[in-house]
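Right, one structure below, let's go through it.
The values are calculated or read from the model by the stated rules, or taken from the named source; none is laboratory data. Since the model is a prediction, treat every value here as computed from it, not as a measurement. Here the Cβ positions follow ideal geometry from the backbone for every residue, glycine too, while neighbour counts run over all protein chains shown.
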Amino acid sequence: MTEPLTEESLIPNVTYFDVRGRAEVIRIILEENSAPYTERRISIDEWPELKLNFTFGQIPVYEEGELLLNQTNAIYRYLGRKFDMYGDLLLEHVRCDMVQETFVEAQNNIADFYWNPEFEKLRDGYEKDELPPLLTRLQDLLVANPIDSGFWVGSRLSFVDIIAWHFLDHVRPFSLKTLQQFEELCQFKEMIESRPHIAAYLASDRRPKTLTVSLSPFGGTEETS
């Protein structure tokens, strides 16, 4: 006989490395909604042995009672629906999906660069030739929101705003001077990180200090902000 679910067993648990990475969007959505959660943070040394215990050998994993999700963007969409952060009406749902897919591509682009073994050799060229056009496309999408609200979708916060903020916060330590050339993106970023619950999390000891694991050529050392 299955044991009944308790209030404690329904508290979400997030399993990921002790870095910001793909789990940071999950954490910030939960923080924004004052939702209690627990974490299992895996060290990079533990991962080779533990990897076989996870479906497809992937993390993050999100658990909530009997629910177990292990695809990053499925987790984001689930939380968007759960906390009513998926826009209003069909057209805004569709725009959420479009914005999310745009940032999947953008995040993959910058992650591939950060993990490139020739990062130091290529960084000047990427900063000069690749990053500005990418940020231009993103800013154009932001201002294309039919409602001039500063958000990516509609007139209120959605889960894709957290995804967008997370991407821009990955750009910041690499090339703040480039990011600062994009006024609307910077205004958006400041708006999100000034929200009280998010600001409290960003200033807390709960937030991991590194963007990614130490194996990465960039992002694996401690951040100061």
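Annotations for the structure displayed:
- Looking across 34, 9, one residue alone is small (Gly, Ala, Ser), surrounded by 11 or more Cβ atoms within 10 Å (Cβ to Cβ) and either on the phi < 0 side of the Ramachandran plot or at pLDDT 95 or above (or both). It is 9.
- Qualifying residue in the range 74-94 (condition: surrounded by fewer than 16 Cβ atoms within 10 Å (Cβ to Cβ) and within 30 Å of residue 220 (Cα to Cα)): yes
- Within the range 86-108, residues that are more than 11 Å from residue 141 (Cβ to Cβ) and among the small types (Gly, Ala, Ser) sit with their Cβ atoms under 9 Å from residues that are at pLDDT 95 or above and not in a helix (DSSP H, G or I), at 6+ positions apart or across chains, in these pairs: 87/153; 87/154; 87/156; 87/158.
- The residues on offer are 119, 113, 151, and the sole one that is in contact with a Leu (Cβ under 8 Å, 6 or more places away or on another chain) and within 23 Å of residue 214 (Cβ to Cβ) is 113.
- Residues within the range 15-49 that are of a type in the set (A, V, I, L, M, F, W, C) and more than 19 Å from residue 80 (Cα to Cα), tallied: 5
- If you go through the range 52-65 and keep only what is within 22 Å of the chain's Cα centre (by Cα) and not in a loop (DSSP other than H, G, I, E, B), you end up with 55, 56, 57, 61, 62, 63, 64.
- Taking every residue in the range 175-186 that is under 19 Å from residue 120 (Cα atoms) and pairing it with any residue that is modelled with pLDDT of 95 or more, at least 6 positions away or on another chain, the pairs with Cβ-Cβ distances below 8 Å are 175/127; 175/131; 178/127; 178/131; 178/132; 178/135; 178/171.
- Taken over the range 95-118, the criterion of being over 20 Å from the mean Cα position of the chain (by Cα) and surrounded by fewer than 15 Cβ atoms within 10 Å (Cβ to Cβ) is satisfied by 117, 118.
- The range 185-225, residues that are small (Gly, Ala, Ser) and at negative phi: 194, 199, 200, 203, 204, 214, 216, 220, 225
- Flag if residue 35 is under 21 Å from residue 192 (Cβ atoms), in contact (Cβ under 8 Å) with a residue 24 or more places away in the chain, part of a loop (DSSP other than H, G, I, E, B) and in contact with a helix residue (DSSP H, G or I) (Cβ under 9 Å, 6 or more places away or on another chain): yes
- Test: residue 104 is assigned to a helix (DSSP H, G or I) and either within 16 Å of residue 166 (Cβ to Cβ) or among the hydroxyl-bearing types (Ser, Thr, Tyr) (or both): yes
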